[in-house]
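Quick notes on the structure that follows.
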Amino acid sequence: MRQCLLCEQEFIPPIKFAQIFSLKNFRQPKICFHCLNQFEKLTGNRCSVCSKMMEQGIICSDCKKWQKIYQGEVLHNSALYRYNSAFHDLMVAYKRRGDYVLREVLQELSWDYLSKTEFDYYIPVPTSPGHQVKRQFDTISAVYGDIVSLTPLLAKKEGSHAQGEKNKEERLKTPQSFFIDKTIKIKENIQTGKVLLLDDIYTTGRTLYHARDCLKSRFPGMHIESFSICR
Amino acid sequence: MEDLTLLSGRQWIINQKDSSTLEDCSKVPVIENGLCNRCGSKVECKLPSGKLYCRACIGLGRANEGDILVRCQNASQFSKLPNGGMTWNGQLTTLQQKISDNLVLNFKQKKSSLVHAVTGAGKTEMLFQLIAECMKNGKRACIATPRIDVVNELFPRFEAAFAEIEIGKYHGREYQEPNLDQLTICTTHQLLKFYEAFDLLVIDEVDSFPYVGNDQLHFAAKNAVKKDGVRVYLTATPTEDLLEEVKQGKIEILKLNRRFHGGLLPVPREKLFIKPFLNKKGQIHANLLAEVKKVVKSEHPLLIFVPRIEQIPIYLAALKKKLKDNNVKIVGVHAQDSQRIEKVAAFRERKYDILLTTTILERGVTFKNVWVIIVAADDPIYTAASLVQIAGRVGRAKEDKTGLVLYCYHRYTKNIRSSIKQIKGMNK
Ligand SMILES: [Zn+2]
Ligand SMILES: [Zn+2]
Ligand SMILES: [Zn+2]
């Protein structure tokens, strides 16, 4: 019996077939079946660029906009879940309330996918320093740091507002607020390395495109993709 | 946090770096010896710094190890209105009057009470004179209940009964600036924000979720009353811990076995089903459907209880399909439903004929003339107490004392038997 991190009910984790015959240590589930089911996987027809679920078509309207702005150089984003109300509640509890332990729920949702990816560098999208002081942790690194090894090459200027407080239009108009943290040691191969940018939610793409702009200005040869748990 | 008079009786957290001097306030570390001083919970989760933080009361702002809990304890002053600000002039029945008098007497003697009254006994009215007594002396009272729906239901009734008193209403779904109200009506969760604030604390529906068995809320309730304050518990099914306090002589039990209209509790009808309520094709059992149709025909609003949240959409679809020709409006609601309040209100206004739900609606909420069908009354999720509560929804109005409570079951359980025995016992 375990206690679900979200609803606090006791639950019996299902035993996977592979688990019985494997000698490896399996990660114990942190949430119950009912809570897990509240999170909706992205399925069906999806935007070939950013993974957004769509009725029809190949590229979503957001990506068409980026296509124009960046002359076709779109950012490929993988995402796993739809940003529904269950996810909203989870993110409010994790980010706004600062319930640090909930990073384990986000890890549970992204672990299988992320641990199988093969990039040279995993770069987390930074949160504003002010928020980080208040929360006493970095929301993105706290989730992904246990799954892959992070290179926190990006930093965020003080005083920039969180994207979550803005509407769609304001988000798109947000000015660049990232810069390269020169104190981070990097290897020679980063110039042409394969990089995965890590964020939690992809809403308009503004943040991730800014992060890519910032990296590209310093490392033009870098190959950059991105990952967000939600789209 | 400027005007401290408005915060009297409240407690809140400040950062240690926050060096503001707060007069008339006591200060304690919020996390002490692995326990949270705000909610009493054991604190186990850590931030990356290694500092503990309390998850249990995080909704009120995270309590971190090292933070300070400020408790504002300046004496609150209220005017002493001659009649306690009561504008209600209704009549109590002889039995209600007896309880009401006892409550007033116990309050004067600083004795706590447990009112064990059947559902529909008119508990709210029995509180009016007690509250008036408290107000009359310029003292402060709070009525807390575990459920938001009940807060929303009680507030207008007290507003009407105490037109001259400032009443505060607080629950998690509505932001309300903290105010110094002589009478506070709130959820039991809100009690976490108070410390030795009330001369009288009434807890309604003590036996219902999430208060029952919740140490955090019990801790909060204990902290919220003054050291010499009085507690009053209201319930239709007293819990073991309260009965234990009665036995130890800490609280006095007051019983009321009659509903205010003098009617009896409807004794549930039982119906045995052999085949499943829903077959593999998702079709509803013909006999169950027939029962539903009978209620619809009688023009009574119908509450249908199913054991689990996941079953609500399935039953909803099955019923909608079968009843679409009858022009019946059905809606489902569950605890995590963001539109819960709106749906319940719409059902009350008869915008829906049938409300499909789980046990969340078992207590405290009244619907005029409602009838009830419990699907799978043999499911372990229904305790005898919750079955009694559900049955208590029915026959509450003066002009409509009887009504249908139908248990649909496959297996006759101890809980079914015991609930019927309890109901018959209360009718004697
Ligand atoms: Zn759960
Ligand atoms: Zn797209
Ligand atoms: Zn706490």
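Okay, here's what the table says:
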item	result
Accessible surface of the range B:94-256 [probe 1.4 Å, protein heavy atoms]: carbon and sulfur percent	50
Occluded residues from the range A:97-137, i.e. those whose accessible area drops by 30 Å² or more once the chain is not alone (1.4 Å probe)	A:Arg97, A:Asp99, A:Tyr100, A:Val101, A:Gln136
Carbon plus sulfur fraction of accessible area for the range A:81-121, probe 1.4 Å, in percent	41
Most to least packed among A:48-60, B:196-208, B:213-225, B:142-154 [average Cβ atoms within 10 Å]	B:196-208, B:142-154, B:213-225, A:48-60
Averaged over B:57-63, number of beta-carbon atoms from partner chains that fall within 10 Å	3
In the A-B interface, the accessible area buried, summed over both sides, Å² (probe 1.4 Å)	1100
Solvent-accessible area of B:Asp337 with every protein chain in place, 1.4 Å probe, in Å² to the nearest 10	20
Kyte-Doolittle mean at least -0.5 and Cα axial length at least 30 Å: DSSP H helices in chain B	none
Nearest-0.05 FRET efficiency for B:Ala75 and B:Asn15, computed from C-beta distance (R0 25 Å)	0.35
Whole-Hz ³J(HN,Hα) from phi, Karplus 6.51 cos²θ - 1.76 cosθ + 1.60, for the range A:54-60, glycine and proline x	9, 4, 8, x, 10, 10, 6
Nearest-0.05 FRET efficiency for B:Ile341 and A:Lys65, computed from C-beta distance (R0 30 Å)	0.20
Distance between the range B:114-187 and the range B:297-337 - C-alpha centres, whole angstrom	33
Protein accessible area in the range B:5-72, 1.4 Å probe - carbon and sulfur %	46
Residues whose placed amide H lies under 5 Å from that of A:Arg46, excluding near-sequence neighbours	A:Met54
Neighbour cut-off at most 10 other Cβ (10 Å), DSSP loop, GluC sites (Glu not before Pro), the range A:131-231	A:Glu158
Residue-by-residue Karplus 3J(HN,Hα) for the range A:86-95, coefficients 6.51, -1.76, 1.60, Hz, glycine and proline x	4, 5, 4, 4, 4, 5, 4, 5, 6, 8
Value at 222 nm in deg cm²/dmol, rounded to 500, when DSSP H runs of n ≥ 4 in the protein assembly as shown each add -39,500 (n - 2.57)	-8500 deg cm²/dmol
Taking the range B:1-152 and dividing mean pair separation by its residue count, relative contact order in percent (alpha carbons under 8 Å, at least six apart)	23
Inter-site label distance for A:Arg96 and B:Leu272 at 7 Å from Cα along Cβ, in nm	5.3
Largest to smallest principal axis extent of the C-alpha atoms in the protein assembly as shown, angstrom	90, 69, 49
Residues whose placed amide H lies under 5 Å from that of B:Leu256, excluding near-sequence neighbours	B:His116, B:Ala117, B:Val118
DSSP beta bridge pairing in the protein assembly as shown, given as percent antiparallel to the nearest 5	30
Per residue, in Å², the accessible surface of the protein assembly as shown once ligands and nucleic acids are set aside, probe 1.4 Å	49
Percent of alpha-carbon pairs separated by more than 33 Å within chain B	40
Relative contact order, percent, chain B [alpha-carbon distance under 8 Å, six or more residues apart]	15
Residue-span extension gain [B:Ile381 to B:Lys110] - 0.36 nm each, minus C-alpha spacing	93.7 nm
Inter-chain shielding of B:36-49 (mean C-beta neighbours from other protein chains, 10 Å cut-off)	2
Calculated from backbone phi, Karplus (6.51, -1.76, 1.60) coupling profile of the range A:142-147 in Hz, x at Gly/Pro	4, 7, 8, x, 7, 8
Where chymotrypsin sites (Phe, Trp or Tyr not before Pro) fall in DSSP loop in the range B:102-176, at most 12 other Cβ within 10 Å	B:Tyr175
Ranked by how many other beta carbons lie within 10 Å on average, peptides B:228-238, B:278-288 from highest	B:228-238, B:278-288
Above-threshold pairs, the threshold being 21 Å between Cα atoms, out of B:Lys80/B:Lys226; B:Lys294/B:Lys343; B:Lys111/B:Lys226	B:Lys294/B:Lys343
Filter on B:Lys227/B:Lys250; A:Lys30/A:Lys156; A:Lys95/B:Lys27 - keep pairs with C-alpha separation over 21 Å	A:Lys30/A:Lys156; A:Lys95/B:Lys27
Global geometry of the range B:94-256, whether rounded, prolate or oblate, following the gyration tensor of its Cα atoms and the 1.5 cut on a/c	rounded
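The values are calculated or read from the model by the stated rules, or taken from the named source; none is laboratory data. The shown structure was predicted, so the numbers you read here are calculated from the model rather than taken from an experiment. With ideal geometry, Cβ positions are generated from the backbone for all residues, glycine too; neighbour counts draw on all protein chains shown. Calculation scope for accessible area: heavy atoms of the full protein, side chains included, ligands and nucleic acids excluded. Shrake-Rupley method; radii C 1.70, N 1.55, O 1.52, S 1.80 Å.
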